[in-house]
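Notes for the one structure printed next.
The values are calculated or read from the model by the stated rules, or taken from the named source; none is laboratory data. Remember, predicted model here, so these are calculated numbers, not experimental data. As a convention, Cβ positions derive from the backbone with ideal geometry for all residues, glycine included, and neighbour counts pool all protein chains shown.
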Amino acid sequence: MTLQRFTPTLLHNTIGGHAPVMTVASGDTIVAATADAHGFDHLGQQIATRPNPMTGPFLVTGAEPGDTLLVAIRDIRMTRATGWTFDVLSANVVDPRAVRRFPDHRIVNWIIDAAAGRARLADPPPALAAWSVPVEPMIGCFGVAPDLGQAISTATSGRYGGNMDYRGFRAGVEAMFPVSVPGALFFLGDVHAQQSDGEIVGTGIETAAEVTFTLRVLKGRKIGWPRGMNEREIFTIGNARPLDQALQHATTEMLDWLMADFGLDEVSASHVMGQWVRYDVANVFNPAYSVACRMPREALSKLGQ
């Protein structure tokens with residue numbers, strides 16, 4: 001188990017189908033630099049193009065189809081004091097008549113004060129002159145190479161992960177992805193300093209970052225969709241459009257998890273889920289929407305007793 005650092009010189013706009021930039025062992029920790037969603041690095045220089053250029057892929061020795069890759073997110077450090085967002089809500093999240101009131105969307109800049117843990121608009125409207133938001137870094141796009149030799153745009157997401165834009169993927173979280181190719185081929189990027197549920201303006205506060213993560217292969221552990229764990233809950237992610245299909249994927253993955261790991265059948269799992277599940281609308285802007293199905297650890301603490 002070693003610590004390795006990686007700064008990319010070439011980034012990718014698809015997940016899958018690229019030669020590995022580094023080979024690591026299961027249990028290794030990597031500190032990797034990422035560019036923002038339009039390819040601007042920590043110096044504000046554009047080193048890649050949109051959408052969501054990815055750092056990687058990292059090949060993990062021993063990972064094979066049918067395994068699970070566990071990604072422990074250790075730290076997300078902003079490496080630039082600026083970020084950007086769009087300035088109006090996405091047209092698909094409001095009533096059609098409301099769209100007529102919006103100006104054409106444009107990019108606006110933000111100031112990120114890492115020491116204070118706050119971000120503010122660089123040129124705010126008068127009503128927001130004294131307004132700011134907490135800095136809560138998250139990974140917008142990450143995952144492993146999909147099956148069938150595919151290379152899929154970083155604009156969207158699927159079983160392999162991708163552009164899920166879920167604010168729950170932050171430091172202290174362990175994410176899990178189904179391995180479909182030898183070595184897993186792990187990619188990451190598109191870090192946000194802050195983002196609402198749903199990514200409803202089409203962006204988070206897009207910026208460059210340095211992410212510290214540990215990769216671990218769970219041999220013979222087969223899952224269907226991305227999963228995650230933190231100190232309070234476990235969760236599953238479904239990616240699809242329409243929104244109800246994403247919810248179905250996430251719910252089914254939680255059902256399968258409870259049955260496989262907690263000794264429940266469909267009826268007992270339904271009782272637990274029917275009273276304890278919480279949903280997050282993770283993203284409703286990308287080509288595939290994302291829904292998180294969350295289960296508090298409290299609900300699982302006395303199962304089988």
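Only residues that are out of contact with any strand residue (DSSP E or B) (no Cβ under 8 Å at 6 or more places or on another chain), at pLDDT 95 or above and exposed (fewer than 14 other Cβ atoms within 10 Å of the Cβ): list them for the stretch 108-140, please. Quick ask: steps written out before the conclusion?
Of the residues in the stretch 108-140, the ones out of contact with any strand residue (DSSP E or B) (no Cβ under 8 Å at 6 or more places or on another chain) are 115-116, 124-127, 129-130, 136.
Filter once more, keeping what is at pLDDT 95 or above: 116, 124-127, 129-130, 136.
Residues satisfying the conditions are A116, P125, P126, A127, A129, A130.
Of the residues that make up the stretch 262-271, is at least one outside the structural domain of P8 (by TED's automatic domain parsing), under 20 Å from the mean Cα position of the chain (by Cα) and not in a loop (DSSP other than H, G, I, E, B)? Walk me through how you get there before you give the answer.
Of all residues in the stretch 262-271, those outside the structural domain of P8 (by TED's automatic domain parsing) come to 262-271.
Of the ones still in play, those that are also under 20 Å from the mean Cα position of the chain (by Cα) are none.
There is no residue in the stretch 262-271 that is outside the structural domain of P8 (by TED's automatic domain parsing), under 20 Å from the mean Cα position of the chain (by Cα) and not in a loop (DSSP other than H, G, I, E, B).
Any residue at all in the stretch 60-76 that is farther than 26 Å from P226 by Cα and not assigned by TED's automatic domain parsing to the domain that holds I112? Step through it out loud before you land on a result.
So the first thing to find is which residues in the stretch 60-76 are farther than 26 Å from P226 by Cα, and the list is none.
No, because not a single residue in the stretch 60-76 is farther than 26 Å from P226 by Cα and not assigned by TED's automatic domain parsing to the domain that holds I112.
Of the residues that make up the stretch 197-214, is at least one farther than 24 Å from T79 by Cα, in contact with a Leu (Cβ under 7 Å, 6 or more places away or on another chain) and of a type outside the set (A, V, I, L, M)? Write out each step before concluding.
Step one: list which residues in the stretch 197-214 are farther than 24 Å from T79 by Cα, which gives 198, 200.
Next, from what is left, pick out any that are in contact with a Leu (Cβ under 7 Å, 6 or more places away or on another chain): 200.
Checking which are of a type outside the set (A, V, I, L, M) leaves us with none.
The answer is no, given that none of the residues of the stretch 197-214 is farther than 24 Å from T79 by Cα, in contact with a Leu (Cβ under 7 Å, 6 or more places away or on another chain) and of a type outside the set (A, V, I, L, M).
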